[in-house]
1. How big is region 505-546 along each principal axis, measuring the range of its Cα positions in Å and listing the largest first?
2. What does the net charge come to around residue 163 if you take all other residues with beta carbon closer than 12 Å to its beta carbon, with K and R at +1 and D and E at -1?
3. Could you work out the Kirkwood radius for region 38-128, taking every pair of different alpha carbons, averaging 1/r and inverting it, reported in Å?
4. Between region 26-101 and region 298-344, what's the alpha-carbon centroid distance in Å?
5. Assign one of three labels to region 243-312, namely rounded, prolate or oblate, based on the Cα gyration tensor with a ≥ b ≥ c the square roots of its eigenvalues; rounded applies when a/c is under 1.5, prolate when it is not and a/b is larger than b/c, and oblate otherwise.
6. Only Cα pairs under 8 Å and at least 6 apart count here; give the relative contact order of region 31-188 as a rounded whole percent.
7. For a test of the definition: using alpha carbon positions, the gyration tensor, and the 1.5 limit on a/c, classify region 83-213 as rounded, prolate or oblate.
8. Can you tell me the dipole magnitude for the chain around its Cα centre, using point charges on the Cβ only (Lys, Arg +1; Asp, Glu -1), in Debye to the nearest 20?
Amino acid sequence: MQKPELFAVFFVFSFLIVPRPRICLAAESDHQDEDYLKFVADANKFPAKEYYDYIIVGGGAAGCPLAATLSTHYSVLLLERGSSPYEKPEVLRQENIINNILETDDKDSPAQAFISEDGVPNVRGRILGGGTMINFGFYTRADPHFYVESGIEWDMNLVNESYKWVEETIAFKPSVGTWQSDVKEALLEVGNGPYNGFTFDHVIGTKIGGTIFDGNGKRHGAAELLNKAVSKNIRVAIHATAERVLFSSKSSGLSAAGIIYSDSKGRLHRAMLKPKGEVILSAGTLGSPQLLLLSGVGPKPYLSSLNIPVVKHHASVGQLLADNPRFDVNFAPPFEVEDYGNGIVGITEDYYILVSCGSIPFDSPVSSMLFPDPSPPVNFTVLSILHNLARPLSTGSLHLASSTNIKATPKVWFNYFSNPVDLANCVLGVKNIDRVMSSKPLEKYKIQGKDGGRKFKFVGRSLPENKTDDAAFETFCRKMLTTIYHYHGGCVVGKVVDSRFRVLGIDSLRVVDASTFTSCPGSNPQATVMMLGRYVGLRMLEERES
């Protein structure tokens with residue numbers, strides 16, 4: 001089996017969700033969803049050189065709200081390497097979640113595939129709105145630990161205001177069907193309480209989280225936050241690839257001066273800063289450290305070995321990269337189960353338990369050998385209970401795959417389980433899942449065995465039979481390790497940027513995205529990253545006014 005086929009099979013079985021309509025919290029009005037398109041244009045329509053107060057690289061979860069906020073008073077250029085969601089309308093429909101991640105290529109698909117040096121397949125967003133346009137939609141705020149340990153100067157009143165600013169546009173309450181309700185009861189039966197009902201807040205126990213899909217199954221991602229921008233002050237260039245940061249040296253020190261970016265025809269453009277302006281990198285955990293390295297900001301010995309002129313020695317650029325590993329238990333039920341999304345989460349201090357359900361097409365090279373063409377598609381329902389680590393202690397690094405080509409995805413090594421605490425916490429999580437599956441609410445999902453007993457029909461690796469054999473559970477963790485796409489680090493606060501996201505030692509340059517995080521903010525980061533864009537934008541306006 002070739003790599004693309006292996007990659008597809010991995011994703012089909014890695015997150016089995018075929019969603020259904022949701023109950024809406026925010027207003028559902030489609031006619032205003034695409035107002036921002038009036039200031040979005042292909043990069044090849046932009047001038048060769050132009051000046052702005054703020055230049056933001058990356059139109060993702062942080063970049064879109066940041067650009068909208070800064071545009072209320074200043075001129076802003078937002079550069080996005082991918083397409084507009086309305087060039088790729090399939091990403092806007094909830095029923096296309098699996099296909100959006102599977103349909104990857106090397107050019108312009110919304111999801112760009114990569115495989116980490118650990119051998120784990122993954123994706124990164126390549127579309128205006130970033131990962132919020134290709135993810136599974138779960139919406140929840142950060143856990144209290146994140147604020148305390150992040151190294152960021154938080155104004156919690158402003159944090160809450162920024163969350164609400166995001167939520168009034170794109171956050172909804174999901175519907176919860178029979179399968180998820182049963183898992184909720186199972187979680188509570190085995191001690192994952194209390195039940196906290198529906199809430200965006202991160203609280204220990206079991207809850208219903210939010211979603212960015214409305215009641216009609218339409219996605220509302222970060223791109224829609226651009227509707228809050230002042231249109232006369234903002235321009236958004238799509239198919240715009242930032243090649244490197246431009247710098248100037250003055251008596252006051254080193255400073256960012258602008259960005260060189262290329263359009264889809266390969267032509268170069270210069271976006272330059274006006275006085276008191278800033279360049280802000282919001283290109284994500286992979287993109288922001290990669291652009292710094294290619295621009296000559298990083299470890300001097302490493303850059304010199306690649307013949308990249310060193311602008312500023314920064315030993316920690318590309319370091320302290322981390323991913324929240326995920327571990328699934330999958331099984332086929334004895335009856336048809338309605339398909340619902342991932343609304344239920346069980347939250348503990350060390351890991352999170354989630355649930356999903358999907359109707360999976362059996363479409364592998366083997367199927368053509370078993371079923372001659374033409375034959376109807378073979379589908380079967382798979383139920384999944386999974387957990388991911390809350391705050392993994394294992395960290396890795398990012399290195400350039402090319403010293404000149406920004407389009408070459410960096411080499412990423414997450415170094416899973418290098419800290420033994422992570423493996424121990426995985427064992428705790430899998431044992432918790434085992435207790436959940438042994439609970440009374442899930443008894444009906446077992447099938448009748450040949451020996452007369454009832455058991456689960458596992459799809460893939462089954463849970464260890466000896467519940468006291470920790471070595472068997474450790475093996476399960478190692479064999480079932482995959483990603484939940486919540487990677488972070490590479491430009492960490494206190495190492496690369498200060499508590500206000502300013503790159504240490506370089507004026508007029510910030511990094512505002514998950515690459516600055518020391519841990520994943522709760523069971524899903526997208527709410528916090530969007531909040532961050534709004535929050536930092538407001539703080540920057542305050543700084544400039546003062």
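The values are calculated or read from the model by the stated rules, or taken from the named source; none is laboratory data. A quick note: this is a predicted structure, and the numbers were derived from the prediction, not measured. Positions of Cβ are backbone-derived with ideal geometry, glycine not excepted, and every protein chain shown enters the neighbour counts. These area figures cover heavy atoms from the full protein model, side chains too; ligands, DNA and RNA do not enter into them. Shrake-Rupley method; radii C 1.70, N 1.55, O 1.52, S 1.80 Å.
1. Per principal axis, max minus min of the Cα coordinates gives 36, 22, 10 Å.
2. Local charge sum for residue 163: -1.
3. 14.9
4. Region 26-101 and region 298-344 have Cα centres spaced 24 Å from each other.
5. Oblate.
6. Numbers: 143 pairs, mean separation 25.8, N = 158.
Relative contact order of region 31-188: 16 percent.
7. prolate
8. 1020
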